[in-house]
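Contents: one structure, followed by commentary.
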Amino acid sequence: MPPAGDAPAGADFCTVTAGVAARPILDGAGARFDVETSFDEIAVCDAIIVPSFAPGPEGEVPDMANFGAAAAWLRRHHSRGALIGACGSGVFLLGEAGLLEGRRCTTSWWHHEDLKKRYPRADLAWGARLIDDRRVVTAAGPMSWIDVGLHVLKTLCGAEVGRLAADFTLGDMGPAKGPARAAGYSPVTVSGSADAFLTEAERIVRQADADFNAQDLARSLSTSERTLHRKLKIACGESPKSFIDRIRVETARTLLETSEKPVKELAASAGFIDEASFRRAFRRYAGMAPSAYRVWARAKAQDKAQIFSVKKSEIIPEILTTILDTCVNGITLTDPDLEDAPIVYVNKRFEEITGYEPREILGRNCRFLQGQDRDQEGLQRLRESIRSRQPVEVTLRNYRKDGVLFHNKLNITPLFDEQGTLIYFLGVQYDVTEQVRAEAEIGDLRARLKAIA
Ligand SMILES: Cc1cc2nc3c(=O)[nH]c(=O)nc-3n(C[C@H](O)[C@H](O)[C@H](O)COP(=O)(O)O)c2cc1C
């Protein structure tokens, strides 16, 4: 989207089609498609939506090495702040641009294996409908470009415009009741480049019952356990047990992101025999507790204001979120009802003080800011106050994302509802590094003066 100056009168922005060169192309069905401008002509834009690719003769996604100029162009605009979206095979170009590295993303189920293979550093979700991870929007299914468009509108123009556009476009605004449906899909055939053995093994595991084990998997694949072991080691470097657990955790992640199911029920749906083994496997593969993952995923996918609707939507309406973002101190909310009391809200200042992005903060206990520096004076008092639900103020040594020490004067207040039930802890963080340094200097000077005297 070019700057507003180029937009027709009355429009907030305008859209253009762009390509390596501004000349017509033939689309996948052989129809002529006009390309209005070339990449070079677009200096600034707010968002770029990448179309899907016409499949090759075997149904495969073309080799992305041929699209280096487009990939570089996407990378450049993303680094300048543009939102980049794609669905289905279009997501491959985002992979080529390096934008999927370490990012949660999705694509159509029949491209899942191929994408994973070509861009192994992408954090690819199975069966997720749409994911926005730090301005990279990916969606599943050839028609999901509508979802991507609506999401881009919502992000650029606000929730209300997004809602109106969705009403107008789709008529039905009901959210997709995705997980069960998505998990029910399984690739029967895949594009030529995917590993057929691995895909078939995944399909079987996704559809299997809870007591399904490596022996059953070997039997279902008409092979011996030894061969299964060998083939999996070559294809993905995993033992059959790890492979089964990982696939189940992937399913669980999607369920946590998209459903309200309690953890116990969800563990069973994902194929785990009991909750404890699910929790263990989940921690191993997702790096956090299931409940913390749910908070993190929601915070990532939703507007901040909606995070507060976890318990009481009326507590912190959207307008208050905006006000909190203008505060000069860090502000956090932690949820004592979730495992390990994770952070469910942070304001902008907290991000600035710590150098972390919300996705790296939400869902974790605040203690990660202490790093290895765990033997601190105020900590015991802090623990006792939290346990007895009392307000407390302590100054802690904390570490920014770049490892630099800062002194954090932390004020914690328990928040209760009308019935006296504890709902959140409110944390206010002041960066008092300068003050601590000045006091240390004064102390040092005093000591020197005393020595001279
Ligand atoms: C609302 C709230 C905000 C907190 N903020 C911080 C923080 O900014 N930095 C920090 O080191 N600890 C913070 N903590 C404290 C840790 O979360 C944790 O309670 C503390 O490290 C003691 O518990 P532990 O022994 O389990 O680590 C906060 C706690 C609460 C409840």
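The values are calculated or read from the model by the stated rules, or taken from the named source; none is laboratory data. Since the model is a prediction, treat every value here as computed from it, not as a measurement. Ideal geometry is used to build each Cβ from the backbone, glycine not excepted, and the neighbour counts take in all protein chains shown.
Structure above, values below:
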read-out	value
Answer from E202, E238 - the residue that is under 27 Å from A292 (Cβ atoms), surrounded by 18 or more Cβ atoms within 10 Å (Cβ to Cβ), at pLDDT below 90 and not hydrophobic (A, V, I, L, M, F, W, C)	E202
Test: L74 is closer than 17 Å to D40 by Cα, in contact with a helix residue (DSSP H, G or I) (Cβ under 9 Å, 6 or more places away or on another chain) and crowded, with 19+ Cβ neighbours inside 10 Å	yes
E250 vs. criteria within 20 Å of G427 (Cβ to Cβ), away from the ligand (no atom under 14 Å from the Cβ), modelled with pLDDT of 80 or more and not assigned by TED's automatic domain parsing to the domain that holds K154	no
Scope region 326-335; condition part of a loop (DSSP other than H, G, I, E, B) and among the β-branched types (V, I, T); matching residues	T326, V328
Hits in region 411-453 - residues which are more than 10 Å from the ligand (Cβ to nearest atom), touching a Leu at 6+ places or on another chain (Cβ under 8 Å) and of a type in the set (A, V, I, L, M)	L422, I423
Subset of region 333-368 (residues that are aliphatic (A, V, I, L, M) and touching a residue at least 60 places away in the same chain (Cβ under 8 Å))	L333, A341, V344, I353, L362
For N66: the one exception among (1) surrounded by 17 or more Cβ atoms within 10 Å (Cβ to Cβ); (2) part of a helix (DSSP H, G or I); (3) not β-branched (V, I, T)	(1)
Test: residue in region 206-223 that is under 14 Å from W126 (Cβ atoms), surrounded by 15 or more Cβ atoms within 10 Å (Cβ to Cβ) and touching a residue at least 24 places away in the same chain (Cβ under 8 Å)	yes
Single residue of region 86-140 satisfying the filter (charged (D, E, K, R) and in a helix (DSSP H, G or I)) that is surrounded by the fewest Cβ atoms within 10 Å (Cβ to Cβ)	K117
Residues (closer than 25 Å to C157 by Cα and touching a residue at least 40 places away in the same chain (Cβ under 8 Å)) located in region 13-32	F13
So Q380, is it near the ligand (Cβ under 10 Å from one of its atoms), touching a strand residue (DSSP E or B) at 6+ places or on another chain (Cβ under 9 Å) and not acidic (D, E)	no
Residue under evaluation K409, criteria (1) surrounded by 18 or more Cβ atoms within 10 Å (Cβ to Cβ); (2) without any contact (Cβ under 8 Å) to a residue 24 or more places away in the chain; (3) closer than 29 Å to D133 by Cα, criterion not met	(3)
Residues satisfying the stated conditions in region 346-384, i.e. surrounded by 22 or more Cβ atoms within 10 Å (Cβ to Cβ) and over 23 Å from V136 (Cβ atoms)	N347, F350, C366, L369
Unmet requirement for E377, which otherwise passes all of (1) more than 22 Å from E339 (Cα to Cα); (2) touching an Asp or Glu at 6+ places or on another chain (Cβ under 9 Å)	(2)
Pairs, first on the phi > 0 side of the Ramachandran plot in region 40-53, second buried (at least 19 other Cβ atoms within 10 Å of the Cβ), C-beta under 9 Å, six or more apart	none
Residues being at pLDDT below 90 and either under 17 Å from F406 (Cβ atoms) or more than 12 Å from the ligand (Cβ to nearest atom) (or both) - total across region 344-375	10
Members of region 383-410 found to be of a type in the set (D, E) and either near the ligand (Cβ under 9 Å from one of its atoms) or more than 18 Å from T433 (Cβ to Cβ) (or both), listed by number	E384
